[in-house]
Structure formats: C-alpha cells, structure tokens
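What follows is a set of notes on a single structure, which appears directly below.
Quick note: the coordinates plus some simple rules give every number you see, no bench work behind them. Just so it is clear, the model here is predicted, and its values are computed rather than measured. Cβ placement follows ideal geometry from the backbone for every residue including glycine, while neighbour counts extend to all protein chains displayed.
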C-alpha cells in the first residue's frame with residue numbers, strides 16, 4: 001500500500017517529526033511537511049489557486065493511504081493542518097477531477113502530544129472528513145514524545161497502530 005504521511009507541525013524537527021520518522025520507517029512511506037509548502041487558508045474567491053495546495057493534492061491522490069500527523073495545539077489539530085483540510089474544499093469546487101479521486105482512498109490520523117492524555121473529540125474532524133469525501137477511515141492514535149524521544153511503550157503502541165493500517 002502506497003502511503004503518504006502529511007506532517008502538520010509548526011516545527012519541522014520537533015516531537016511530531018520523531019513520530020513521523022518512526023511511522024515512515026515502519027510503513028515505508030513518503031512524507032510531506034506542510035510547514036515547507038506555500039499555501040494559505042480557504043478563500044471563497046479562490047485567489048490562492050496558484051499556491052502549492054492543488055499540486056500537492058494531485059500528488060496525494062496517487063497514494064492509497066493518507067496518514068495525517070499533527071501535534072496537539074489547544075486540544076485540536078495544528079493551524080497548518082486545519083488550513084490544509086479547509087483547502088480540500090478546492091477539490092470539490094474548482095478541481096473536481098482531483099476531488100473525485102479521493103473517493104475510495106484511505107485516511108488515518110495520529111496526534112502527538114506532550115503526554116498521554118488524548119483531547120476528547122480530537123479525531124472527529126478527521127473521521128467526518130473521511131466520511132464526507134468517501135474515504136475509508138482506518139483509525140487514529142494519540143501518542144506522545146518528549147524532547148524528540150519516544151518512550152519504548154509508545155513505540156510499541158505506534159507499531160501496533162501501523163499493523164492496523166496495513167490490514
């Protein structure tokens with residue numbers, strides 16, 4: 001299964017990156033770092049259609065599984081990730097061909113916090129978005145790292161999660 005990990009952290013080399021690196025190794029996945037792209041939030045006039053968003057989506061629809069990995073910012077996904085999700089509307093309004101290619105693909109999500117406390121309802125936007133787009137939601141995992149280190153028990157949980165993605 002061709003997997004793309006979409007990293008949505010304000011810090012490209014932080015705790016979320018440690019989780020992304022482990023996931024990338026276990027899944028033999030490619031990675032897109034949203035921090036390194038030039039895209040803005042949704043615009044009703046679509047004045048931003050020349051930024052990196054649509055070319056990125058055209059690349060993404062060539063994969064079987066999207067694995068969104070975001071830090072927990074104020075009990076929610078990062079702003080970078082939220083802007084990316086909001087822009088998916090472009091695939092329903094101005095690039096419908098790309099939008100139709102989302103149907104039948106798979107999506108999963110990982111939250112990286114600074115502790116093991118999962119924010120209630122954190123993964124609902126991912127689940128509902130997958131449903132709305134006709135994608136199969138493969139599940140979610142809240143994990144954590146500290147100073148770029150993932151404790152052995154968390155590494156085991158991540159490995160177990162990876163198994164559910166490849167079934």
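For the range 108-137, how many residues meet the condition of being without any contact (Cβ under 8 Å) to a residue 12 or more places away in the chain and under 19 Å from residue 7 (Cβ atoms)?
Here the count works out to 0.
Residue 148 fails exactly one of the following numbered conditions: (1) within 25 Å of residue 10 (Cα to Cα); (2) over 12 Å from the mean Cα position of the chain (by Cα); (3) without any contact (Cβ under 8 Å) to a residue 60 or more places away in the chain. What is the number of that condition?
The one condition residue 148 does not meet is (3).
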